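Asks: I am attaching a structure below and will ask some questions about it afterwards.
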Amino acid sequence: MLKFGVVTNINPLTAKARVEFAEDGMNSFWLPILQKKTFKDKYYSVVDVGEQVACLMDENSEDGVILGAIYTGVDSVPGISKDQHLIKFEDGSFIEYNKETQMMTIV
């Protein structure tokens with residue numbers, strides 16, 4: 001089942017996190033964070049404590065996976081175009097690629 005919650009703990013060494021689900025106030029067991037690739041090519045990114053996430057859980061909410069973070073009323077969407085790919089970091093640095101203009105910007 002699809003559930004929404006807030007990250008309470010992370011383990012960067014295992015790319016897992018614990019999530020508190022709003023509807024029952026319960027904390028999950030350690031859940032893997034879905035990654036784009038993990039075999040030959042690797043992709044690594046973990047969620048932040050306090051981040052709103054969507055999870056796919058079994059019927060007893062004992063096992064599952066964090067599908068990813070979601071934007072809420074608290075977090076504004078940083079992009080402005082369907083052609084824009086953007087990674088924006090907390091310190092203000094960013095990487096942006098615009099498919100329409102074929103321009104990449106790294107700051």
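The values are calculated or read from the model by the stated rules, or taken from the named source; none is laboratory data. The structure displayed is predicted, hence computed values, not measured ones. So basically every Cβ, Gly included, is an ideal-geometry build from the backbone, and we count neighbours across all protein chains shown. We work out accessible area using only protein heavy atoms, side chains counted, and drop any ligands, DNA or RNA first. Shrake-Rupley method; radii C 1.70, N 1.55, O 1.52, S 1.80 Å.
Asks: Take the residues in segment 51-70 that are outside any loop (DSSP other than H, G, I, E, B) and either more than 30 Å from F29 (Cα to Cα) or not aliphatic (A, V, I, L, M) (or both), then tell me which one is nearest to the chain's Cα centre (by Cα).
Replies: Only one residue fits best here, namely G68.
Asks: Which condition number in (1) in contact with a strand residue (DSSP E or B) (Cβ under 6 Å, 6 or more places away or on another chain); (2) open to solvent by 70 Å² or more (accessible area, probe 1.4 Å); (3) closer than 24 Å to K88 by Cα is the one that W30 fails?
Replies: (3)
Asks: What number of residues within segment 71-107 are open to solvent by 60 Å² or more (accessible area, probe 1.4 Å), assigned to a loop (DSSP other than H, G, I, E, B) and under 26 Å from E20 (Cα atoms)?
Replies: Looking only at that region, the number is 8.
Asks: Among the residues of segment 7-27, how many are surrounded by fewer than 16 Cβ atoms within 10 Å (Cβ to Cβ), at pLDDT below 95 and either assigned to a strand (DSSP E or B) or not small (G, A, S) (or both)? It would help to see each step written out before you state the result.
Replies: Initially, segment 7-27 is screened for residues surrounded by fewer than 16 Cβ atoms within 10 Å (Cβ to Cβ), giving 8-9, 11-14, 20, 22-27.
Retained after the next criterion (residues that are at pLDDT below 95): 22-27.
Filter once more, so that each one left must be either assigned to a strand (DSSP E or B) or not small (G, A, S) (or both): 23-24, 26-27.
Matching residues across segment 7-27 total 4.
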